[in-house]
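Rule-based calculations on the coordinates, nothing more; no lab input. All values reported here derive from a predicted model rather than from experimental measurement. Note that each Cβ is placed from the backbone with ideal geometry, even for glycine, and that neighbours are counted across all protein chains shown.
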Amino acid sequence: MRKLLICLIVLLTACGTARPDSLVDTDEVVVAIRSDVPLISFTGQNGAYDGFNIDVAKDLLSRLGKQIHWREIKAGDQLTVLTDGRADLVFAHMSVTPERKKVIDFAGPYHVDFQDIAVRPADRGVIRDVRDLKGRKICWVRGTNIAQRIIDERRVEAIAVAAPDYNVCLEMIKDGRIDAISTNSQILAGLLTKPGVDLHLVGAAFNEQRTSIGVRKGDVDGCEELNRAITQMYQDGTAHMLLDKWFGKSGIDLSVVSVPQFEGCS
């Protein structure tokens, strides 16, 4: 009887202290990405995924000894793909917000950038910073928080016009349905490389964007392993090399590239 009680206590204690499933426990990691953002993550001519996020994901997960299974998503799926268990990580150029941290965790950031604005060449004299967006229509890609950061954080009374992706934003600014596209400067740099796009980058540089990796809620071990890999990526020069590879000719300032301050894993 005493031995039986001891066994039961051990089992109950083990159940009480067991940690959640973690990406560290698997050889293959499901990584959710987008395929519609030039320079960031897109489908190349050979049909394979390419871009800054793709290279970062490959580098970090190779340091952890993991194989990657890519899962393509839209902007609006970047939270649900983690909460419903369809992916282990999200590399979708996603910034950290208090609302998102309620349902998922974040590793990183793996890059810190700023928000900028793209306008038609004819509007470059009238839209020169975020305050000039008052009363103007801006593109809001569903699932992103960029438009809300302008309206709520900056208190600029812009008019958010919904779109499913940035390709639709480009169509809308071309035909006059919107006046500006605002997002992470790296994403804008990629959009400006698309054939037929004639837009002017304002260079406003506002609202810090902490580009991070979406992680399942509670995967502290996986988050910490990723943060160690990010630190190594910066220390050995790989981060600077990848930034220069994809954005060296974009006009983005890459003169100072240092390890970002991490969010912390909780």
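Normalise the Debye intensity by I(0) for the chain, one equal point scatterer per Cα, no solvent, then take log10 at q = 0.08 Å⁻¹ and round to two decimals.
These q points yield log10 I(q)/I(0) values of -0.36.
Taking the simple approach of a point 7 Å from Cα along Cα-to-Cβ for both Met241 and Arg142, what is their distance in nm?
4.1
Tell me, what is a quarter of the convex hull surface for the C-alpha atoms of the stretch 20-132, in nm² with one decimal?
Over all viewing directions, the stretch 20-132 projects a mean Cα-hull area of 9.4 nm².
Could you please report the charge total around Trp246, scoring K, R as +1 and D, E as -1 over all other residues with beta-carbon less than 14 angstrom from its beta-carbon? Don't skip to the end; give the middle numbers.
Details: positive: Lys58, Lys245, Lys249; negative: Asp50, Asp55, Asp59, Asp113, Asp244.
After counting each charged neighbour, the total is -2.
If each residue of separation counts as 0.36 nm, what is the full-extension length gain between Phe114 and Asn167 once their alpha-carbon separation is subtracted?
Fully extending the segment from Phe114 to Asn167 adds 17.0 nm.
Roughly what angle does helix 52-63 make with the longest principal axis of the chain, taking Cα atoms, 0 to 90 degrees, to the nearest 10?
20
Using 20 Å as the cut-off for backbone N distance, which residues of the stretch 124-144 belong to the label zone defined by a point 7 Å from the Cα of Glu157 along Cα→Cβ?
Inside the label zone: 127-140.
Any idea what angle helix 238-247 forms with the longest principal axis of the chain, computed on alpha-carbon atoms, 0 to 90 degrees, nearest 10?
Taking the Cα atoms of the chain, the angle to 238-247 is about 30 degrees.
How big is the Kirkwood radius of the stretch 142-261, worked out from every pair of different alpha carbons and given in Å to one decimal? Don't skip to the answer; put the middle values down first.
Working: mean 1/r = 0.0592 Å⁻¹.
Its Kirkwood hydrodynamic radius stands at 16.9 Å.
Relative to the first principal axis of the alpha-carbon coordinates of the chain, what is the inclination of helix 2-17, with its axis defined by its Cα atoms, in degrees from 0 to 90 and to the nearest 10?
In the chain, helix 2-17 runs at an angle near 10 degrees to the longest axis.
What do you get for trypsin sites (Lys or Arg not before Pro) in the stretch 179-261 restricted to DSSP loop and a cutoff of at most 16 other Cβ within 10 Å of the site's Cβ?
Values: sites: Arg210, Arg216, Lys217, Arg228, Lys245, Lys249; in loops: Arg216, Lys217, Lys249.
Listed in order of number, the matching sites are Lys217, Lys249.
Measure off 7 Å from each Cα along the Cα-to-Cβ vector at Asp198 and Val103, then give the distance between these two points in nanometres to one decimal.
Placing both labels 7 Å along Cα→Cβ, they lie 4.1 nm apart.
Any of Lys58/Lys102; Lys137/Lys245; Lys58/Lys249; Lys194/Lys217 with alpha carbons more than 29 Å apart? Name them for me.
Where the Cα-Cα span goes over 29 Å, the pairs concerned are Lys137/Lys245; Lys194/Lys217.
Restricting to the stretch 28-166, compute how many DSSP beta bridges are antiparallel as a %, nearest 5.
20
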